[in-house]
Amino acid sequence: MNTPDAPSTQRRGRWQLLLLLAVFLVPILVAVVINAGGWMPAPAKQHGELLQPPLDLRESPPLLADGTTYPWNPEARLWRIVVLPPAHCDAGCAQVAADVDKVWRLLGHDADRLEVLWAGEWPQGVQSPDTLRLLQAEQPLRMRLAPAAVGTSVHVIDPNGFVVLRYPAGFDAAGLFADIKRLVKLK
């Protein structure tokens, strides 16, 4: 009968032990090298101005164009973009409308989780999002969000009615899209 050779069995056992240790230690060493080498991506940050503390609009909801109060309905988990254009909408205002519509369309299947609230009349000749809700142009909401704003300001409101981000006039639509895309994915 053949009996296993004791030295070769010990050698195989050592190699198996070393292989098992390598399986656990190599990923840790790779992570340490990546972190030390500065190869980690920068953490994601918002493009808009984060409001600290967020502005609570639950007690004073905006008024729709027909005079009714806008329902927050937090159970629907809808995010909102509120656009406050100046009284006389010019080419810059129309560009903001086109940008907001583009952001809404780029969301694809998540677009139904975003409502666009526009204070005043939607600019002529600009395609509007399906979830567009027109607000009264002059109301207390404007004074709370942008009392001394020059140009068209944009605000992001969470599903519960808190204003969390602000974009001043001349904002980058790509930044708004990046922020909204991350936010609507939140459940």
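Every number in this text was worked out from the coordinates using simple rules, so none of it is lab data. If you're wondering where the values come from, they're calculated on a predicted model, not measured in any experiment. Ideal geometry is used to build each Cβ from the backbone, glycine not excepted, and the neighbour counts take in all protein chains shown.
Report, ordered by chain and residue number, the aspartates and glutamates lying within cross-link reach of LYS181, taken as a straight Cα distance under 15 Å and ignoring same-chain residues fewer than 8 apart.
Once the sequence-local aspartates and glutamates are set aside, what remains near LYS181 is ASP99, ASP101, ASP110, ASP112, GLU115, ASP158, ASP172.
Could you work out how far helix 91-106 tilts from the main Cα principal axis of the chain, as a 0 to 90 degree angle to the nearest 10?
Roughly 40 degrees between the two axes.
With charges set only on the Cβ (+1 for Lys and Arg, -1 for Asp and Glu), what does the dipole of region 49-184 come to about its Cα centre, in debye to the nearest 20?
180 debye
Evaluate the relative contact order of the chain (contact order divided by residue number), counting alpha-carbon pairs under 8 angstrom at least 6 apart; express in whole percent.
Rounded, it is 29 percent for the chain.
Cα extents of the chain along the three principal axes, largest first, in whole Å?
98, 34, 34
Working from Cα positions, state the angle (0 to 90°, nearest 10) between the long axis of helix 6-36 and the longest principal axis of the chain.
20 degrees
Assign one of three labels to region 10-78, namely rounded, prolate or oblate, based on the Cα gyration tensor with a ≥ b ≥ c the square roots of its eigenvalues; rounded applies when a/c is under 1.5, prolate when it is not and a/b is larger than b/c, and oblate otherwise.
prolate
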